[in-house]
1. Residues of the range B:35-52 being small (Gly, Ala, Ser) and at the interface with chain A (Cβ under 8 Å from one of its Cβ atoms), which ones?
2. Just to check your reading of the model, which residue among B:Leu155, B:Leu51 is free of Cβ contacts under 8 Å to residues at least 24 places away in the same chain, among the hydrophobic types (A, V, I, L, M, F, W, C) and within 23 Å of A:Tyr43 (Cα to Cα)?
3. Can you find even one residue in the range B:146-162 that is within 14 Å of chain A (Cβ to nearest Cβ) and hydroxyl-bearing (Ser, Thr, Tyr)?
4. Return the residues of the range B:66-91 that are touching a residue at least 40 places away in the same chain (Cβ under 8 Å), more than 10 Å from chain A (Cβ to nearest Cβ) and closer than 14 Å to B:Ala35 by Cα; say none if nothing qualifies.
5. Quick one: would you say B:Glu97 is acidic (Asp, Glu), touching a His at 6+ places or on another chain (Cβ under 9 Å), assigned to a helix (DSSP H, G or I) and surrounded by 23 or more Cβ atoms within 10 Å (Cβ to Cβ)?
6. Would you mind stating whether B:Arg172 is in contact (Cβ under 8 Å) with a residue 24 or more places away in the chain, in a helix (DSSP H, G or I) and among the basic types (Lys, Arg)?
7. Within the range B:112-121, identify whether any single residue is touching a residue at least 24 places away in the same chain (Cβ under 8 Å), under 23 Å from A:Glu48 (Cα atoms) and touching a strand residue (DSSP E or B) at 6+ places or on another chain (Cβ under 7 Å), and answer yes or no.
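The values are calculated or read from the model by the stated rules, or taken from the named source; none is laboratory data. It should be emphasised that the depicted structure is a prediction, and the values quoted were computed from it without experimental measurement. Note that we place each Cβ from the backbone using ideal geometry, even for glycine, and neighbour counts take in every protein chain shown.
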Amino acid sequence: MTKINLETLGRLSVAKRGDLGVRAAAQKIGISAATLSRVERGYLPDLETFRKICRWLNLDSGQVLGLTPTKPSSIPQVTVHFKKAPTLTPATAQALGQMVLAAHRAWLLTEDEG
Amino acid sequence: MFERGFKTWCETIAAQRRRAAGLDPRDPLDPLKVAAALGVEVHSIDEVPGLDDASRQVLVQDSGSWSAVTITNGTKSIVILNSAHSNARSASDLMHELAHIVIGHEPGRVDITEDGSLILNTYERSQEDEANWLAGCLLLPREALLWIVRRGIELDSAARLYGASVAMVEFRLNVTGVKRQVKYPRGRR
């Protein structure tokens, strides 16, 4: 079975909605048309939007994301300020993830454990 | 859009922060000093130890999609700014992040996927709007705007003086109605 990931999610959305327009499908899902359109182009939305799309596709969001189980102390709390829409390209999402983890390791982890 | 009284509260906070820093109500307020007063460390992407070059390059190249990140472990917060942005833009971005802390917004939990991507739990539009408004007030409070208009200071000079962008000065002048207040003061017909 092919593993479902963020890129295939966009393709599954396109396949499921078929002739249904982006606007109508987005309304059914409960998100904006712009957000659905970006997800179908492979952009990464916030988790709540993500879960709504997964529900619509009858998918387990945890399985799609492949969330890594981590110790509570190693999960940084983070707020991100986006310039425009709250979606990211996969490459930027990955680079931001790496930056958050690196900064957390360097500046905050010692204090968490101490 | 905002809860009743929020805008007045923001002006009060802007005045309080200046008083605490020994400044007059219309003086420019350096975001780095506000960060220091709040105990928040500020860094650029280049200063993150252990960040691989490929990630650093992506974050600089796709600079349009993110401005700043605040990371907290509950007791300590650090802000990482996008160093590809102008000083004025960075000042606004930093004030925005600090505004989240001053208002007391609960930081959104982040998850890291198997491939190491960052995914936010939720994106709170209302919190972003509140932080934007307070950041604008902290950089350019009403007292400063009144002074700018009464003195006839040009937009770009005002922007330089207050470490903000010209767009931010224009935005604040428009949304606060300060221009109108100076042109048509109360009691005059």
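1. Let us first name the residues in the range B:35-52 that are small (Gly, Ala, Ser), namely B:35-37, B:39, B:44, B:50.
Residue satisfying the conditions is B:Gly50 alone.
2. Values: B:Leu155 fails: within 23 Å of A:Tyr43 (Cα to Cα).
Answer to the selection: B:Leu51.
3. At the first step, the residues of the range B:146-162 found to be within 14 Å of chain A (Cβ to nearest Cβ) are none.
No, there is no match, as no residue in the range B:146-162 is within 14 Å of chain A (Cβ to nearest Cβ) and hydroxyl-bearing (Ser, Thr, Tyr).
4. Within the range B:66-91, the first condition is being touching a residue at least 40 places away in the same chain (Cβ under 8 Å), and the residues that meet it are B:79, B:86-89, B:91.
Restricting the remaining residues to those that are more than 10 Å from chain A (Cβ to nearest Cβ) gives B:86-88, B:91.
Residue satisfying the conditions is B:Ala91 alone.
5. On the way: acidic (Asp, Glu): yes; touching a His at 6+ places or on another chain (Cβ under 9 Å): yes; assigned to a helix (DSSP H, G or I): yes; surrounded by 23 or more Cβ atoms within 10 Å (Cβ to Cβ): yes.
Yes.
6. Working: in contact (Cβ under 8 Å) with a residue 24 or more places away in the chain: yes; in a helix (DSSP H, G or I): yes; among the basic types (Lys, Arg): yes.
Considered against the rule, which asks whether it is in contact (Cβ under 8 Å) with a residue 24 or more places away in the chain, in a helix (DSSP H, G or I) and among the basic types (Lys, Arg), B:Arg172 comes out as yes.
7. No, the range B:112-121 has no match at all.
So that you can scan it fast, the table gives a plain yes or no per residue for (1) more than 28 Å from B:Val169 (Cβ to Cβ); (2) at pLDDT below 90:
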{"residue": "B:Val48", "(1), (2)": "yes, no"}
{"residue": "B:Ser67", "(1), (2)": "no, yes"}
{"residue": "B:Ile80", "(1), (2)": "no, no"}
{"residue": "B:Ser92", "(1), (2)": "no, no"}
{"residue": "B:Gly104", "(1), (2)": "no, yes"}
{"residue": "B:Ser126", "(1), (2)": "no, yes"}
